[in-house]
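The structure appears below as structure tokens.
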Ligand code: PMP
């Protein structure tokens, strides 16, 4: 597996595999369109393609790979289960592997939640855990409606999609999420966030607002797919107060922000809020599929089978997940992510100063975003410029040409997202930013207008 081994010069099937994929796979495929590579080996930050090229992977399985690819502690944990003769599939039965996972997970949670928590193992995707959270609060409150935010992303199953910003038909009440660069109130900053909080209060307290009391309010501490928007801590505390005062369960979706990604083990630690329901997936499975909700025991009044699923007992994922959680805890990778992320943000700000096409840079920990805009267009009321998705696609392609895998996100697919593994070194961070800077320099020389590229939805 050593990446220092000599790399084959003749691509073994690279073109053919991509051609067959284009012929056989769905038109709805996503990353595969904008990232035409065929990974054959990977370790840490590095992915090696069937074309013999190496890439620095800042997509990390859409934020899943806290420890990067094939981290030794993960491989060891998986091998230990395989060698032990333990069953790999057990529905939701108790096993020593599951017991150890839950113990490690609960030890990582804020004490106030862990002391009185229940856990539900869900089907293996984040979206299934979101569905479980919605069913849980609907059952517990006897209410039906939901409050969710503009720009949110919670998954692709019916309930999770309805709660997301891309929803078309929905009975979900949409609330404004703080977004300094494109503040819906034209003010940004703490004032913009406070106006959003007041709007939420007013909808809940005005008997004629047209919004019945909801079963819950669901929020991401940092909107990831929505364009890397960290919620201000004070605003999240306001959301906690508003919901607590009115008996509305607060669901925090940490599918993407969890396990050190934002520079704290859980992103809720930044604000100190304790949610009623925490939705977890991605990194908790140590690169394998796993999803759970952890919630206050008082909500646990649903009946057996209210939320079920065949694949709730993935032993390999639980072992890989336990190893990942323990490794992040033992080595302080969350604090490392905070410090390194802050240094990367400083360098990204310098890049923004040199490139008028960068409208904004932002992030928390190792969840970073660079919003690309059209500098030739007319600015909006708060100085914001229109998003430039074509330019973003061109930057993504130029990055790939330079051996750097980045993801696009945001309302208009114009935010370049960096989600490197938490194990990233200073040297690797420099290499990533050098390649990004070079890609930005390159697109500067391209003629304006559509620069090609493929639309990409997460
Ligand atoms: N919630 C958040 C915050 C996410 O970022 C995602 C996936 N990007 C999901 C839920 C859905 O997870 P999955 O794709 O595993 O269904």
Worksheet item: Picking from 74, 81, which residue would you name as being over 24 Å from the mean Cα position of the chain (by Cα), over 25 Å from residue 409 (Cβ atoms), at pLDDT 95 or above and surrounded by 17 or more Cβ atoms within 10 Å (Cβ to Cβ)?
Response: 81
Worksheet, complete the sentence: Inside the range 120-139, the number of residues satisfying the requirement of being near the ligand (Cβ under 10 Å from one of its atoms) and either assigned to a helix (DSSP H, G or I) or over 21 Å from residue 99 (Cβ atoms) (or both) is 7
Worksheet, complete the sentence: Restricted to the range 140-161 and to residues being surrounded by fewer than 18 Cβ atoms within 10 Å (Cβ to Cβ) and under 27 Å from residue 317 (Cβ atoms), the residue farthest from the ligand (Cβ to nearest atom) is 158
Item to complete: Please work out if residue 234 is more than 16 Å from the ligand (Cβ to nearest atom), crowded, with 21+ Cβ neighbours inside 10 Å and part of a helix (DSSP H, G or I).
Response: no
Worksheet item: What do you reckon, is residue 261 in the same structural domain as residue 156 (by TED's automatic domain parsing) and assigned to a helix (DSSP H, G or I)?
Response: no
Item to complete: Could you tell me whether residue 342 is in the same structural domain as residue 427 (by TED's automatic domain parsing), at negative phi and part of a helix (DSSP H, G or I)?
Response: yes
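Got at least one residue in the range 351-372 being part of a helix (DSSP H, G or I) and touching a residue at least 60 places away in the same chain (Cβ under 8 Å)?
Yes, the range 351-372 contains a residue that is part of a helix (DSSP H, G or I) and touching a residue at least 60 places away in the same chain (Cβ under 8 Å).
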Worksheet item: So which residues in the range 272-297 are under 25 Å from residue 145 (Cβ atoms) and part of a helix (DSSP H, G or I), if there are any at all?
Response: 297
Worksheet item: without any contact (Cβ under 8 Å) to a residue 60 or more places away in the chain, in the same structural domain as residue 92 (by TED's automatic domain parsing), surrounded by 24 or more Cβ atoms within 10 Å (Cβ to Cβ) and within 16 Å of the ligand (Cβ to nearest atom): does that describe residue 280?
Response: no
Discussion item. So, residue 177, is that one in contact with a strand residue (DSSP E or B) (Cβ under 6 Å, 6 or more places away or on another chain) and either more than 16 Å from the ligand (Cβ to nearest atom) or not assigned by TED's automatic domain parsing to the domain that holds residue 311 (or both) or not?
Written reply: no
Practice prompt. Would you point out which residue out of 317, 323 is buried (at least 22 other Cβ atoms within 10 Å of the Cβ), within 13 Å of the ligand (Cβ to nearest atom) and outside any loop (DSSP other than H, G, I, E, B)?
Written response: 317
Response to the item:
Note on the range 398-427: residues closer than 15 Å to residue 66 by Cα and touching a strand residue (DSSP E or B) at 6+ places or on another chain (Cβ under 8 Å) are 418, 419, 420, 421, 423
Worksheet entry | Residue in the range 240-263 that is surrounded by the most Cβ atoms within 10 Å (Cβ to Cβ), counting only those that are farther than 19 Å from residue 125 by Cα and within 16 Å of the ligand (Cβ to nearest atom) | 260
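Being buried (at least 22 other Cβ atoms within 10 Å of the Cβ) and part of a loop (DSSP other than H, G, I, E, B) is the requirement here; does residue 422 meet it?
Values: buried (at least 22 other Cβ atoms within 10 Å of the Cβ): yes; part of a loop (DSSP other than H, G, I, E, B): yes.
When the stated conditions are applied, residue 422 passes them.
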Worksheet entry | Flag if residue 289 is within 16 Å of the ligand (Cβ to nearest atom) and surrounded by fewer than 22 Cβ atoms within 10 Å (Cβ to Cβ) | yes
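The values are calculated or read from the model by the stated rules, or taken from the named source; none is laboratory data. Only a predicted model underlies this, so the values are computations on that prediction, with no experimental measurement involved. Using ideal geometry, Cβ is built from the backbone for each residue, glycine included, and neighbour counts are taken over all protein chains shown.
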